[in-house]
Amino acid sequence: MKYRQCLIVDDSDAAVSILVEYLSRLPFFMPPQICGTAGEAMTALQQQHFDLIFLDINLPDQTGLDLLRSFPKPLAVIVTSAHSEYAVESFDLNVVDYLLKPYSFSRLTRAINRALDIQVAQNSLTAEQFAFLKVGHSMQRFDFDAIDYIQAFGTYCKVFINQKVVVVNEIISHLENLLPAQKFLRIHKSYLINLSKINSYNYRNIFVGSTKIPLGASYREKFEGFLTLLDKKSELL
């Protein structure tokens, strides 16, 4: 699973604290890097890649709009501001969304969802849709969309596809890192599921077809956060 790195550019401790708490509820986000000035943000951007940037408009050394104009290449930016008058200019600079402070958790997830949709669309022509896994002494192709779920089986894993089971020579943590994060989620120490194959769920179990799969207590919050992020809850309730 790919964990995304975010950058927060905001000099308000209160606003940063709320955003960090919101992001902690969502899966596949690493703890964000925080910059209080535009200068600090430019230094951070020169040192590493960020998948998503949360940008305030009013910064101590220059405006967020000036910082946007100075970015060397297009980046996924969500503006967070207490002032609505900068929205039109921000969208002219191709920001993903404009959040007016104070914003709710649900409003934030819609903005993040929009950013992810854009990234998926940009990568759709080159994204891998399958992987070759070792089965016995040979390598076998597995199409991601065909997989229902995966169960740990000692140092192996059972891959369930249309009521059939294939044992692969991989541990579940390796498959968790290999499979695309937008399709698969670890919901128990022994299970990975294809999110598109979920029929229903409750507090303790997830149903893939007629199969009941336990939802681990330590994985429950991430599972619900994933559904919120991808707007899946309304489809499953």
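Scan segment 31-41 residue by residue and report those that are of a type in the set (G, A, S) and surrounded by fewer than 18 Cβ atoms within 10 Å (Cβ to Cβ).
G39
With respect to the numbered conditions (1) in contact (Cβ under 8 Å) with a residue 40 or more places away in the chain; (2) under 19 Å from I198 (Cα atoms), which one is the sole condition not fulfilled by A146?
(1)
Output the residues belonging to segment 208-224 that are closer than 19 Å to Q182 by Cα and not acidic (D, E).
Of everything in segment 208-224, those that are closer than 19 Å to Q182 by Cα and not acidic (D, E) turn out to be V208, L215, Y219, R220, K222, F223.
Can you report the number of residues in segment 42-64 which are more than 30 Å from E221 (Cβ to Cβ) and buried (at least 19 other Cβ atoms within 10 Å of the Cβ)?
Total meeting the criteria: 4.
Pull out all pairs, ordered by first then second residue, where Cβ-Cβ is under 7 Å, the residues are six or more apart or on different chains, the first lies in segment 68-91 and is over 21 Å from A14 (Cα atoms) and assigned by TED's automatic domain parsing to the domain that holds R114, and the second is in a helix (DSSP H, G or I) and not aliphatic (A, V, I, L, M).
Once the first residue is over 21 Å from A14 (Cα atoms) and assigned by TED's automatic domain parsing to the domain that holds R114 and sits in segment 68-91, its partners that are in a helix (DSSP H, G or I) and not aliphatic (A, V, I, L, M) give A76/Q119.
In this structure, does K197 turn out to be in contact (Cβ under 8 Å) with a residue 24 or more places away in the chain and more than 30 Å from R114 (Cβ to Cβ)?
Judged against the criteria, K197 is not a match.
Between a residue in segment 44-65 that is touching a residue at least 12 places away in the same chain (Cβ under 8 Å) and at negative phi and any residue that is in a loop (DSSP other than H, G, I, E, B) and aromatic (F, W, Y), which pairs come within a Cβ distance under 9 Å, given they are 6 or more apart or on different chains?
Pairs that qualify, where the first residue is touching a residue at least 12 places away in the same chain (Cβ under 8 Å) and at negative phi and the partner is in a loop (DSSP other than H, G, I, E, B) and aromatic (F, W, Y), are A44/F50; L45/F71; I53/F71.
Is it fair to say V20 is without any contact (Cβ under 8 Å) to a residue 12 or more places away in the chain, surrounded by fewer than 19 Cβ atoms within 10 Å (Cβ to Cβ) and either of a type in the set (A, V, I, L, M, F, W, C) or over 22 Å from T228 (Cβ atoms) (or both)?
Criteria not met by V20.
Limited to segment 144-166, what total is found for residues that are over 21 Å from S210 (Cα atoms) and at pLDDT 90 or above?
Qualifying residue count for the region: 1.
Please report, ordered by residue number, the strands (runs of 3 or more DSSP E) entirely within segment 1-61 with at least 3 residues that are out of contact with any strand residue (DSSP E or B) (no Cβ under 7 Å at 6 or more places or on another chain) and modelled with pLDDT of 95 or more.
Result: empty, no element qualifies.
The values are calculated or read from the model by the stated rules, or taken from the named source; none is laboratory data. What you are looking at is a predicted structure, and each value in this text was computed from that prediction instead of being measured. Methodologically, a virtual Cβ is constructed for each residue, glycine included, from the backbone with ideal geometry; neighbour enumeration extends over all protein chains shown.
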